[in-house]
Amino acid sequence: MSNETITRAQLSEAVYQEVGLSRNESADLLESVLSIITDALAKGETVKISSFGSFSVRQKGQRIGRNPKTGEEVPILPRKVLVFRPSQVMKARINAKRSPS
């Protein structure tokens, strides 16, 4: 498996290549989309992108964890976590590209 990371610059360049906007306009468009998604998630809304998946924020309660080095019990405070659920289309595309092991 490849451990490559796609950066904002690469996404912006892809928009530039595909849509034909200027590089600055492509970067601004990408930043606007990411900002809208981030703002919606910060408000607790679910973001669904057709044929891709959905992002949502889930509240996790307090629990007791254990320090693996010392074995000491430590409280883990309540927090919000980001959850991504891929669409069936995305799952099918990923599984179709899987090479047999």
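The values are calculated or read from the model by the stated rules, or taken from the named source; none is laboratory data. In this text, all values refer to a predicted model and were calculated from it rather than measured experimentally. No Cβ is skipped: glycine too gets one built from the backbone with ideal geometry, and neighbour counts run over all protein chains shown.
Before moving on, here are some points about what is shown:
- The criterion of at least 3 residues that are among the basic types (Lys, Arg) and surrounded by 10 or more Cβ atoms within 10 Å (Cβ to Cβ) is met by the following strands (runs of 3 or more DSSP E) wholly inside the chain: 79-86.
- Segment 72-84 residues that are within 26 Å of Val47 (Cα to Cα), paired with ones that are at pLDDT 95 or above and β-branched (Val, Ile, Thr) (beta carbon under 8 Å, 6 or more apart): Lys80/Val57; Val81/Val57; Leu82/Val57; Val83/Val57
- Candidates in segment 50-71 are the residues that are β-branched (Val, Ile, Thr) and without any contact (Cβ under 8 Å) to a residue 24 or more places away in the chain; of these, the one that is farthest from Arg8 (Cα to Cα) is Thr70.
- Test for Ser26: is it of a type in the set (Gly, Ala, Ser), touching a residue at least 12 places away in the same chain (Cβ under 8 Å), touching a helix residue (DSSP H, G or I) at 6+ places or on another chain (Cβ under 8 Å) and on the phi < 0 side of the Ramachandran plot: yes
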